[in-house]
Amino acid sequence: MPGESGLVHSTHFRPRLAPLDWVSIGHPDKKGDRTGPPAVAVDAAGRGYVFVRNGMGGVSLRNQKVKGGWGAWQNLEGSGVEGKLAAVTGESGLVEVYASGPGGIVHWRQEADGKTPVRTEGVDVAVRPGTLAALATSAEHTTLFFTDTSGDLCAWRPGKKPVTLIASAGPGPVSAVRCDIEGHDCVVLAQRSASGRVAFAAYPTEQESAGAWWTESGPRLPVEATVSLALDEHDQVVAASVSPLTGTLLLARRKDEPGLALTAWQEL
C-alpha cells in the first residue's frame, strides 16, 4: 500500500535446501513509499549489507552486526541518486557501493572490517541510469561498468579515469564475472542486445586497452528480460536470463572446451 512499503530478506544456508521465510528489515525512512531497488553485498565474515536509495535521493545502509542480528538504518548521504546501485565485495573482503546521478558517479568504501562505508572520490561523467555493475578485479581495485549517455560501455576504477571499452550491445545493464579462460584472468560481460539475444564479450582483467567484442547467443528475449552471470562450484561461467512477466528462466553453461563456448540455452 502507498506509504507502507518495506524491504524483506531471506537466507539460504545450504545448497539444495529451501531458503528461510521472508523477514522484514524495514524502510530506510522508517516508513514511506517504495524507494529504489536494493543492492546487496556480503563481507568476508559473511555479514550482509543492504544498500537502497532513500526518500531524500541519497543512499541508506542496513547491515548485519558482528554478533548477529541487524543494525539500525544508516544514511550514507548523497543526493539525486538514479537507477540501481552497484554493491560489491573486494578481494580484501571489504564492501563498496557505487551510485550514479546528474553529478556523475559516487563511491563509498569500507576502511576496515565491520565499519560503515565512507564516501571517497567520485567522477563527473554522464551515466545512463540503471546500467551500473561492479566487480572485484584485483587485490587493490573493484571495477565499475556503466553505459554513458552516448551509448558506450565504460569501465572505471576509483583513482583513475573512466575508459571506454566497447559500444553497449543494448540499452540495459551488463552483468560481469571474472574467470580463467585458457590460463588467462579474464572478465566476461553479458548484456541483452538490441536484437533481443544475449551478447557476450571477454577481455583480460583490468586491461581494457586490449579491447573486446560482442558475440550473440541464444533466442531473442522479451524486452523486460534480465541477464546474469555467475561461477558454479567448478568456477565455470553460468549465464541465466529471466523474464519477470512470464517467469521464464533460461540457463546456459560454459562448455568443457577452449574459449568461451556455451551449451545450448535450456528452459528450467
Sequence-distant aspartates and glutamates (8 or more away, or on other chains) whose Cα lies within less than 20 Å of K255 = D180, E182, D185, E216, D232, E233, D235, E267
Long-range amide H partners of V125 with built H, under 5 Å = G104, I105
message = For segment 187-268, which trypsin sites (Lys or Arg not before Pro) pass both filters: DSSP loop (anything but H, G, I, E, B) and at most 16 other C-beta atoms within 10 Å?
response = R220, K255
query = At what distance in nm do the modelled label points of T248 and D148 sit from each other, each positioned 7 Å from its Cα along Cα→Cβ?
reply = 3.6 nm
Top positive-direction residue, dipole computed over the chain with Cβ charges, set G93, G55, P204 = G55
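Could you list the square roots of 5 times each eigenvalue of the Cα gyration tensor of segment 1-130, that is, the equivalent ellipsoid semi-axes, sorted largest first and rounded to whole Å?
Working: eigenvalues 112, 76, 35 Å².
For segment 1-130, the ellipsoid semi-axes come out as 24, 19, 13 Å.
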ask   = Quick one: which of 69-77, 146-154 comes out on top by average Cβ neighbours within 10 Å, and what's the full order, highest first?
value = 146-154, 69-77
task = Before anything else, pin down the relative contact order of segment 1-168: Cα pairs under 8 Å, at least 6 apart, normalised by residue count, whole percent.
result = 13 percent
query = Among the lysines, which fall within straight-line cross-link reach of K30, defined as a Cα-Cα distance under 30 Å, with same-chain neighbours fewer than 8 residues apart omitted?
reply = K65, K67, K84, K115
key: Proxy reagent accessibility, fewest Cβ within 10 Å first, across Y98, Y203   = Y203, Y98
note = Expected vector for segment 88-98, Karplus 3J(HN,Hα) from phi with 6.51, -1.76, 1.60 and θ = phi - 60°, integer Hz, x for Gly and Pro, equals 7, 9, x, 4, 6, x, 8, 9, 10, 8, 10
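Quick note: the coordinates plus some simple rules give every number you see, no bench work behind them. All values reported here derive from a predicted model rather than from experimental measurement. Neighbour counts are summed over all protein chains in view; Cβ atoms, including those assigned to glycine, are modelled from backbone coordinates with ideal geometry.
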